[in-house]
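Encoded as structure tokens, the structure appears first; notes follow it.
The values are calculated or read from the model by the stated rules, or taken from the named source; none is laboratory data. Computed from a predicted structure; not experimentally measured. Reconstructed Cβ throughout: ideal geometry from the backbone, glycine too, with neighbour counts over all protein chains shown. Heads up: the accessible areas ignore ligands, DNA and RNA and are worked out on the full protein's heavy atoms, side chains in. Shrake-Rupley method; radii C 1.70, N 1.55, O 1.52, S 1.80 Å.
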Amino acid sequence: VGTVAGTGISFIATGSYQNSAVDAQDICYDSTNQTTVVCYGLNNGYGYSKIGTISTGAITFGASTNWETLGNTISYINNTFDSNEGSVVVAYQMSSTGLCVVAGQKSGATMSWGSRVVPHTGHVDVTMSEGGTICFDSQNNKVVVPHKDGTTTFGSVAVCSVSGTTVTAGTPVPFTDVEINGQSVQSTFDSNLNKVIIAYVNQSDSFLKIITGTVSGTSITFDTPIAVTSTAVNTSSVSIAFDSNVNKTMVGYND
């Protein structure tokens with residue numbers, strides 16, 4: 001846990017939430033309950049969550065609950081918080097199933113989770129970044145899940161509606177017609193433009209691009225992509241964030 005003061009940050013202590021090896025993980029802030037929620041996968045194929053509570057710069061975690069128990073390998077875990085519903089939403093890749101999305105809400109000291117949905121029927125492989133890929137569209141109250149569709153190799157987006165712990169997913173919409181590097185995909189929501197902004201890297205030349213999209217219902221339409229670089233970037237280095245104080249989006253990368 002870090003405390004920001006001006007342009008500096010100070011750290012007091014770390015908090016351990018799991019005493020064995022974790023395969024994938026992500027964390028988000030629950031603004032309804034003012035807690036953090038970490039979601040992670042173990043090599044038994046189960047997905048777990050723990051609620052973290054911050055006090056005077058330190059963090060403590062409660063008991064774990066499951067959001068996935070099928071037992072297939074889990075990877076590319078991504079969390080975001082739906083502030084309209086007060087729900088944590090997790091998107092992940094599960095072997096033999098593909099892209100999965102599940103929602104949960106704080107119930108006492110633990111999380112209560114609904115059932116997974118699978119937006120791509122028959123598409124059993126997707127690739128995403130490890131954290132930072134999905135975002136919440138606060139204008140339309142939708143969760144946006146960009147990813148690389150392993151069947152087409154194109155970039156694609158699933159738009160999800162959340163009601164408590166129930167997720168409804170629209171038909172995924174491609175945002176490229178060429179292969180992308182799935183682990184480069186990151187997204188954020190620009191609340192000034194009311195657009196989703198996705199950063200990604202082309203597979204052929206490793207150039208970094210961004211594309212903006214407008215959500216309507218459980219679908220999305222895209223504008224023309226913009227090239228950020230004309231040289232190759234490290235595909236696992238891409239990050240993106242929206243600064244609502246100045247209405248600017250920042251994209252970071254290692255060239």
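Just one of the listed residues (Val201, Val173, Val196, Val185) is closer than 20 Å to Ala91 by Cβ and touching a His at 6+ places or on another chain (Cβ under 7 Å), and it is Val185. Residues in the range 146-161 that are surrounded by fewer than 24 Cβ atoms within 10 Å (Cβ to Cβ) and of a type in the set (Val, Ile, Thr): 3 in all. Of the residues making up the range 62-73, those that are touching a residue at least 40 places away in the same chain (Cβ under 8 Å), touching a Ser or Thr at 6+ places or on another chain (Cβ under 9 Å) and open to solvent by less than 50 Å² (accessible area, probe 1.4 Å) are Gly62, Thr65, Trp67. Assessment of the range 148-163 against the conditions (touching a Leu at 6+ places or on another chain (Cβ under 7 Å), hydrophobic (A, V, I, L, M, F, W, C) and part of a strand (DSSP E or B)) yields at least one matching residue.
Quick check: anything in the range 199-208 of a type outside the set (Val, Ile, Thr) and more than 20 Å from Lys148 (Cβ to Cβ)? No, because not a single residue in the range 199-208 is of a type outside the set (Val, Ile, Thr) and more than 20 Å from Lys148 (Cβ to Cβ).
Residue check: Leu99 meets all listed conditions (1) at pLDDT below 95; (2) within 27 Å of Thr121 (Cβ to Cβ) but one, namely (1). Looking across Gly52, Gly57, one residue alone is under 29 Å from Thr188 (Cβ atoms) and surrounded by 17 or more Cβ atoms within 10 Å (Cβ to Cβ). It is Gly52. Pairs are defined by a Cβ separation below 6 Å, a sequence spacing of at least 6 or placement on different chains, a first member in the range 77-92 that is on the phi > 0 side of the Ramachandran plot, and a second member that is open to solvent by 10 Å² or more (accessible area, probe 1.4 Å) and of a type in the set (Val, Ile, Thr); the pairs so defined are Gly86/Thr32. Please go through the range 6-55 and give me each residue that is in a strand (DSSP E or B), of a type in the set (Gly, Ala, Ser), out of contact with any Asp or Glu (no Cβ under 8 Å at 6 or more places or on another chain) and modelled with pLDDT of 95 or more, ordered by number. Within the range 6-55, Gly8, Ser49, Gly52 qualify.
Yes or no, residue by residue, for (1) assigned to a strand (DSSP E or B); (2) surrounded by fewer than 24 Cβ atoms within 10 Å (Cβ to Cβ); (3) of a type in the set (Val, Ile, Thr):
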{"position": "Tyr76", "(1), (2), (3)": "yes, no, no"}
{"position": "Glu85", "(1), (2), (3)": "no, yes, no"}
{"position": "Val90", "(1), (2), (3)": "yes, no, yes"}
{"position": "Leu99", "(1), (2), (3)": "yes, no, no"}
{"position": "Ala103", "(1), (2), (3)": "yes, no, no"}
{"position": "Thr121", "(1), (2), (3)": "no, yes, yes"}
{"position": "Glu130", "(1), (2), (3)": "no, yes, no"}
{"position": "Thr133", "(1), (2), (3)": "no, no, yes"}
{"position": "Val144", "(1), (2), (3)": "yes, no, yes"}
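Does the range 105-114 contain at least one residue that is buried (at least 18 other Cβ atoms within 10 Å of the Cβ), in contact with a Pro (Cβ under 6 Å, 6 or more places away or on another chain) and either at pLDDT 95 or above or among the polar types (S, T, N, Q) (or both)? Looking through the range 105-114, none of the residues is buried (at least 18 other Cβ atoms within 10 Å of the Cβ), in contact with a Pro (Cβ under 6 Å, 6 or more places away or on another chain) and either at pLDDT 95 or above or among the polar types (S, T, N, Q) (or both).
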